[in-house]
Amino acid sequence: MRVCPVVFAAISVALLGGAPLGAQTQWQVTKTFPVGGEGGWDYVTVDAANHRFFVTRSTHTQAIDEETGQVLGDIPGQVRSHGVALAPKLGRGFITDGGGSGAILVFDLKTYQVLGKLATMPDSDGIIYDPSTNLVLAVSGDGGALMAFKPEIDPKSKMDAPIDLGGKPEFLAVDGSGKAYINLEDKDLVAVVDLHTRKVVARWPVAPGGHPVGMAIDAKAHRLFVGCRNPQKMIVMSTEDGKVVADLPIGAGVDATRVFRNQAFASCRDGSLTVIGEKAGKFDVEQTVKTADGARTMGLDRMRHEIFLPTAEMEPAANGKRPQMKPGTFEIVVVGKK
């Protein structure tokens, strides 16, 4: 018996639960956690093994349960917190505080108790932990420098001299082989640092992008994913020679990028999450997920296939000032696969 194409397509859709043959899995907002509390927000750091994530809240930092959205711990004592790095084998976490003269808080990952405070540089901002070198890496925007130290450091001691970057850094990534890649947002460059020699070995332009802030790496594929604000682009760059292999449009006000398998993500202040896919070496925008206004940063749990984006309702801007958060409206928007 011969089945006409229209009937065959209808049967296929029914058998596949409404998904046409060849359709790709889509990302979508799956839930929202109302958290509340005081303070803005900045970077999100996921601790997938313990089903939690950390988000900085200006004067404090919260650990939040991935399943329920409940606050598991609240770490006080910051002036203007930015990011969190985790060294799980040592049981320590580290929070950059860009207020005043700059500091990094050291805390216990089980109890959330503050163990001490390292004196750093003003505007201490992006921070990560590199297991390959056993170094905590943090950047100072105003200081134009990279700070590197062992996670077992005595908080009362001094760190080694910072590494001058020749520009204002924002965020960074490591390749697992001793190199760090750092956005210089005021120079439209990516600085490459050899962590063994503690020297900048290259500076690569991000053109046709500009004002690079978001940074993620696919170390196996030797690619960086750089989120740029002006122009609004995701730049795909080779870690071998700095060549830009693709540039794609994204939303306004990007602050974070992430990469997972053959997809990369850019979270933007305008409430968009751009999903970029790669097929046979070619990159395309596969999807733009509507999240929520202000959801500019994110954390990605690669085990759960979920993305966590903090935001809040904002008061209208007045007198040329930045819009202010409505009290008690802080929330986490969760994006997962359909």
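Can you compute the charge dipole magnitude of the range 62-130 about its Cα centre, using +1 on each Lys and Arg Cβ and -1 on each Asp and Glu Cβ, nothing else charged? Give it in debye, rounded to the nearest 20. Here the range 62-130 has a charge dipole of around 300 debye. Using only side-chain charges placed at the Cβ, +1 for Lys and Arg and -1 for Asp and Glu, the dipole size of the chain relative to its Cα centre rounds to 580 debye. Taking the helices alone, the chain has a mean residue ellipticity at 222 nm of -1000 deg cm²/dmol, built from -39,500 (n - 2.57) per DSSP H run of at least 4 residues and averaged over all its residues. The C-alpha atoms of the chain define a longest principal axis, and helix 5-15 lies at about 50 degrees to it. Loop-located GluC sites (Glu not before Pro) in the range 239-338 (DSSP state not H, G, I, E or B) with no more than 13 neighbouring Cβ atoms inside 10 Å: E240. Counting beta carbons within 10 Å around each of Y181, Y112 and listing the fewest first gives the order Y112, Y181. Mind telling me which of P323, P310, P212 comes out most flexible in a GNM of the chain, alpha-carbon contacts under 10 Å? The residue that fluctuates most here is P323.
Here the range 51-205 is assigned +1 on the Cβ of each Lys and Arg and -1 on the Cβ of each Asp and Glu. Its dipole about the Cα centre then comes out at about 400 debye. If you take the Cα centroid of the range 34-71 and the Cα centroid of the range 133-168, the two points sit 24 Å apart. Among G210, G83, G100, the residue with the largest mean-square fluctuation in a Gaussian network model of the chain, with springs joining Cα atoms closer than 10 Å, is G100. Could you identify which residue out of R261, R304, R322 has the top mean-square fluctuation in a GNM of the chain using Cα springs shorter than 10 Å? Comparing R261, R304, R322 in a Gaussian network model of the chain, the most mobile one is R322. Candidates T197, G39, I104 compared by Cα position along the dipole of the chain: farthest toward the positive end lies T197, with charges placed on Cβ. Given [x] 20.7, 82; [y] 20.3, 69; [z] 20.9, 72, which label gives Rg and Dmax of the Cα atoms in Å as computed from the coordinates? Matching entry in [x] 20.7, 82; [y] 20.3, 69; [z] 20.9, 72: [x]. FRET efficiency for the pair S238 and E38, taken as 1/(1 + (r/R0)^6) with r the Cβ-Cβ distance and R0 = 56 Å, rounds to 0.85. Ordering V29, V226 from the fewest to the most neighbouring beta carbons within 10 Å gives V29, V226. Computed from the C-alpha gyration tensor, the three semi-axes of the ellipsoid equivalent to the range 97-197 are 22, 16, 11 Å, from longest to shortest. As a proxy for reagent exposure, ranking H211, H196 by other Cβ atoms within 10 Å from fewest up yields H196, H211.
Quick note: the coordinates plus some simple rules give every number you see, no bench work behind them. Given the structure is predicted, the values throughout are model-derived calculations rather than measurements. Using ideal geometry, Cβ is built from the backbone for each residue, glycine included, and neighbour counts are taken over all protein chains shown.
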